[in-house]
1. Looking at (1) closer than 18 Å to residue 179 by Cα; (2) surrounded by fewer than 17 Cβ atoms within 10 Å (Cβ to Cβ); (3) in the same structural domain as residue 129 (by TED's automatic domain parsing), which is the one condition that is false for residue 18?
2. Among the residues that make up the range 59-75, is at least one of them under 21 Å from the mean Cα position of the chain (by Cα), closer than 14 Å to residue 38 by Cβ and surrounded by fewer than 21 Cβ atoms within 10 Å (Cβ to Cβ)?
3. Residue 97: in contact with a strand residue (DSSP E or B) (Cβ under 7 Å, 6 or more places away or on another chain) and within 21 Å of residue 50 (Cα to Cα), yes or no?
4. Condition test on residue 50, is it assigned to a strand (DSSP E or B), out of contact with any helix residue (DSSP H, G or I) (no Cβ under 6 Å at 6 or more places or on another chain) and over 29 Å from residue 165 (Cβ atoms)?
5. Can you find, within the range 87-103, the residue that is surrounded by the fewest Cβ atoms within 10 Å (Cβ to Cβ) among those that are touching a helix residue (DSSP H, G or I) at 6+ places or on another chain (Cβ under 9 Å) and at pLDDT below 80?
6. Please go through the range 76-107 and pick out each residue that is within 20 Å of residue 34 (Cβ to Cβ) and outside any loop (DSSP other than H, G, I, E, B).
7. Does residue 110 satisfy the criteria of being assigned to a loop (DSSP other than H, G, I, E, B), out of contact with any strand residue (DSSP E or B) (no Cβ under 7 Å at 6 or more places or on another chain), surrounded by fewer than 17 Cβ atoms within 10 Å (Cβ to Cβ) and modelled with pLDDT under 90?
8. Evaluate the following for residue 126: is it modelled with pLDDT of 85 or more, under 19 Å from the mean Cα position of the chain (by Cα), buried (at least 17 other Cβ atoms within 10 Å of the Cβ) and in the same structural domain as residue 177 (by TED's automatic domain parsing)?
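The values are calculated or read from the model by the stated rules, or taken from the named source; none is laboratory data. None of the values given here were measured: they were computed from a predicted structure. Counting neighbours? That spans all protein chains shown, and the Cβs are built from the backbone with ideal geometry, glycine included.
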């Protein structure tokens, strides 16, 4: 792989780390209803575990309420149980084929816990980005050792890799700051 393709690959891998962080953040509840909150929930049905969006339609009729319109009446109890057992602190209530999931107010203690979780996710993303940087720098040094890069090219490309790293770490920090504000907002 040439140096240019290498840089493009590093950029793609760093962007994946930032995108994975944003996906993790979307599952962190900040007091407002979000369909992504139920993404990790799997429902027992038809002899296997199914993602919740494959057994019903998820809706947000109000800012503090999520609903799941279950398509098969026989799965309503399973949907309720799956949401209750998912560790999200939610208490679903079934009304026919509709499962209503009211979002309780977040206590100050719970908000602080969520901020810590967000910080942990951010640190994992930073580590991932730094690992990509390390791989890229090792690859560039190997290319220089093999004579495919001059010392000047190595220096220039190393600067590019560092700039990419700084840019993506900054995106992680900005995402964390935004999520912290969202969580702590009343």
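1. Against the list (1) closer than 18 Å to residue 179 by Cα; (2) surrounded by fewer than 17 Cβ atoms within 10 Å (Cβ to Cβ); (3) in the same structural domain as residue 129 (by TED's automatic domain parsing), residue 18 comes up short only on (2).
2. Yes, the conditions are met somewhere in the range 59-75.
3. Considered against the rule, which asks whether it is in contact with a strand residue (DSSP E or B) (Cβ under 7 Å, 6 or more places away or on another chain) and within 21 Å of residue 50 (Cα to Cα), residue 97 comes out as yes.
4. Judged against the criteria, residue 50 is a match.
5. Ranking the candidates gives 89 first.
6. 79, 80, 82, 83, 84, 85, 93, 98, 99, 100, 101, 102
7. The answer is no for residue 110.
8. Yes: the conditions hold for residue 126.
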